[in-house]
Amino acid sequence: MSLFSAINTAISGLTAQSTSFGNISEDVANSQTTGFKRVDTSFSDYLTTSTPTANEPGAVVARPDYVNNVQGAITQTDNPLGMAIAGQGFFAVSQSTGSVNNVPTFDPQQYYSRAGDFTMNAQGYLVNSGGQYLNGWTVNSKTGAADQNALVPIQVNQQTYNPVATSNVTLSANLPATPTAGTATAAAPLSSQITVYDSLGTAHTVDLNFSQTAANGWNVQVGVPDSTTGSTDAGSATVNFGAAGDPVPAGTINNVVASATDPGITVTGSGAPGSAATLQFTTNFGSGPQTINLNVGNYGGTTGVTQYAGTAYSLLGLTQDGVPPGSFSGVTAQANGDVVVNYNNGQSRTIAQVPLVTFNDPNALQSQNGQSFTATTASGTPLAESAGTNGAGNLVTGSIEGSNVDIATEFSNLIVAQQAYSSNAKVVTTANTMMQVTLQMVT
């Protein structure tokens, strides 16, 4: 081996250790960067000649060793949009290239990231600390199904929640079986008030007054104080409960009969055991006729309205499907990837679902700015899956994933790189001294 070869080999060692030092420096600098994946260094030896009797060293080359498949520590955050991935997978994100008429435009290149510290910007998009826009599947507001054919930037619409007129009311209560017709207790109606909404979202009260007419029979009168039809009486019907010899168990609804003298209520349902017992009435609160179905249970069923032992009326449950108007109050992320918009009327709406993208070899992804990556031929085809399915990791909401850099390991590598660099430098100086000695031989 010539002295020149020794110098060239040592210089390649200096270059390789400089590369290693650069990777260590990058790792240490990003030890607190959300979703950052460290870069280790591997060394490869290139020989000039190698035979059983001679060996001519060539050079050493440092190559980056990407560690994208090792998870960083997951920590909790008070950000309701913060998401960490426990396991394999990446968030699909987009890079903005500018805006047209205040609408952002995006690079057609798809990017991937583990940085889940998303916040909502002024335009309603979910953006992480690297400046990337979170992509997801849009959700149909009517069917609730996610369109898994396309990944698009998620934008939160902060418009109001439109009101929904009440069309169905479900009552669950127990009427006392102890009072009998003609007693003072039975003479006093037992009442429930229902809050319903018209098509404009205005709340109105509907009164239900139960009066016992027989041992197992009750008259229910529906009153609508806010009606604009000129009468607050929406009609009445008789609800009969099972007794000995009836086809239904005692205390459950046997039949419902609309009043012929106080019309306005229509009884729907087949009357067969197990079918719904529903009273239908129509009223007008000033915004047009509104039909409301009052479900009082099932024929022969123990849910809904029953008549069991007792001396007092027991209201067990009362629900209705009307909704008042609501204003945007916030947005949250769910563990299944759903992005949910919340309103101050108690309603919520799922607008998108966040999938996780997996690769056969995530370590072969190409690093990009903002701790993001792009797919390569070696990484394999990106596969978007729902969280927790087909090898994709689970989403941990209200949390973020930190860097997978271990400072102690990096400092150890730093010491090794420093010593290796000094050793290669010593080889250069020693070879130089030997060359000087050689040159002095001819003087």
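The values are calculated or read from the model by the stated rules, or taken from the named source; none is laboratory data. A quick note: this is a predicted structure, and the numbers were derived from the prediction, not measured. Here the Cβ positions follow ideal geometry from the backbone for every residue, glycine too, while neighbour counts run over all protein chains shown. For the accessible areas, the whole protein counts, side chains as well, though only heavy atoms, and no ligand, DNA or RNA atoms are used. Shrake-Rupley method; radii C 1.70, N 1.55, O 1.52, S 1.80 Å.
Counting Lys and Arg as +1 and Asp and Glu as -1 over every other residue whose Cβ lies under 14 Å from the Cβ of G322, the net charge comes to -3. With θ taken as phi - 60° and the Karplus curve 6.51 cos²θ - 1.76 cosθ + 1.60 applied, the whole-hertz 3J(HN,Hα) list for region 317-326 is x, 8, 10, 8, 9, x, 9, x, x, x Hz, x standing for glycine and proline. When the chain is treated as a GNM with alpha-carbon contacts under 10 Å, the residue of N101, N298, N284 showing the greatest mean-square fluctuation is N101. With a 1.4 Å probe rolled over the protein heavy atoms of all chains, the accessible area of T377, T232 falls in the order T377, T232, largest first. Distances between placed amide hydrogens fall under 5 Å for D338 paired with V354, all partners being 5 or more residues away or on another chain.
For M120, M434, the ranking by accessible surface with the largest value first comes to M434, M120, using a 1.4 Å probe.
Can you tell me the length gained on complete extension of the stretch T261 to L47, counting 0.36 nm per residue apart and subtracting the Cα distance? Numbers along the way, then the final one.
On the way: separation 214, 0.36 × 214 = 77.04 nm, distance 10.77 nm.
That works out to 66.3 nm of additional length.
Average accessible surface for the chain: 48 Å² per residue, computed with a 1.4 Å probe over protein heavy atoms with every protein chain in place.
A 1.4 Å probe, protein heavy atoms only, puts the accessible area of D246 near 60 Å².
Apply the a/c threshold of 1.5 to the C-alpha gyration tensor of region 331-443 and tell me whether it is rounded, prolate or oblate. Present the calculation step by step, with values, prior to reporting the outcome.
Details: a/c = 4.98, a/b = 3.23, b/c = 1.54.
Since a/c reaches 1.5 and a/b is larger than b/c, the shape of region 331-443 is classed as prolate.
For A86 and N360, a Förster radius of 22 Å and the Cβ-Cβ distance give a FRET efficiency of 0.65, rounded to the nearest 0.05. Using only Cα atoms and rounding to the nearest 10 degrees, what angle (0 to 90) does helix 3-29 make with the longest principal axis of the chain? It is inclined by approximately 20 degrees. Approximating the spin labels as points 7 Å out from Cα along Cα→Cβ, the Q32-to-S192 distance works out to 5.9 nm. Our coupling estimate for region 124-139, obtained by passing each phi through the Karplus curve with A = 6.51, B = -1.76, C = 1.60 and θ = phi - 60°, is x, 7, 9, 10, 9, 5, x, x, 8, 8, 5, 9, x, 8, 6, 10 Hz, Gly and Pro reported as x. Taking the C-alpha atoms only, the angle from helix 407-440 to the longest principal axis of the chain is near 20 degrees. Place a label point 7 angstrom from the Cα of T430 along the Cα-to-Cβ direction, then list the residues of region 45-60 whose backbone nitrogen is under 16 Å away. Inside the label zone: 57.
Based on the Kirkwood radius over alpha-carbon pairs, what value in µm²/s does the Stokes-Einstein equation return for the translational diffusion coefficient of region 1-108 at 10 °C and 1.306 mPa s? Calculated translational D: 86 µm²/s. Here the accessible area is traced with a 1.4 Å probe on the protein chains. For the chain, carbon and sulfur cover 52 percent of it. Taking every alpha-carbon pair within region 193-297, the share separated by more than 23 Å comes to 30 percent. Given the choices [x] 79, 22, 17; [y] 37, 27, 22; [z] 38, 24, 21, semi-axes √(5λ) of the Cα gyration tensor in Å derived from the coordinates of this structure is entry [x].
Rounded if a/c is under 1.5, else prolate if a/b beats b/c, else oblate: with a ≥ b ≥ c from the C-alpha gyration tensor eigenvalues square-rooted, which is region 363-416?
Numbers: a/c = 2.47, a/b = 1.46, b/c = 1.70.
Oblate is the answer for region 363-416, as a/c is 1.5 or above yet b/c matches or exceeds a/b.
Stretched out straight at 0.36 nm per residue, the stretch from N162 to A272 would grow longer than its current Cα-Cα span by 35.8 nm. A cut-off of 5 Å between modelled amide H atoms, ignoring neighbours fewer than 5 places along the same chain, links S287 with no other residue. The HN-Hα couplings worked out from phi for region 140-147 by the Karplus form 6.51 cos²θ - 1.76 cosθ + 1.60 (θ = phi - 60°) are 5, 5, 8, 9, x, 8, 8, 7 Hz, whole numbers, x standing for Gly and Pro. Starting from the 7 Å offset along Cα-to-Cβ, what nm value, one decimal, do you get for the label separation of T229 and I407? Between T229 and I407, the simple spin-label model gives 7.5 nm.
Using bins of 5 Å that start at zero, the share of Cα-Cα pairs per bin across region 265-424 amounts to 1, 6, 7, 9, 9, 9, 9, 9, 8, 7, 5, 5, 6, 3, 2, 2, 2, 1, 1, 0, in whole %.
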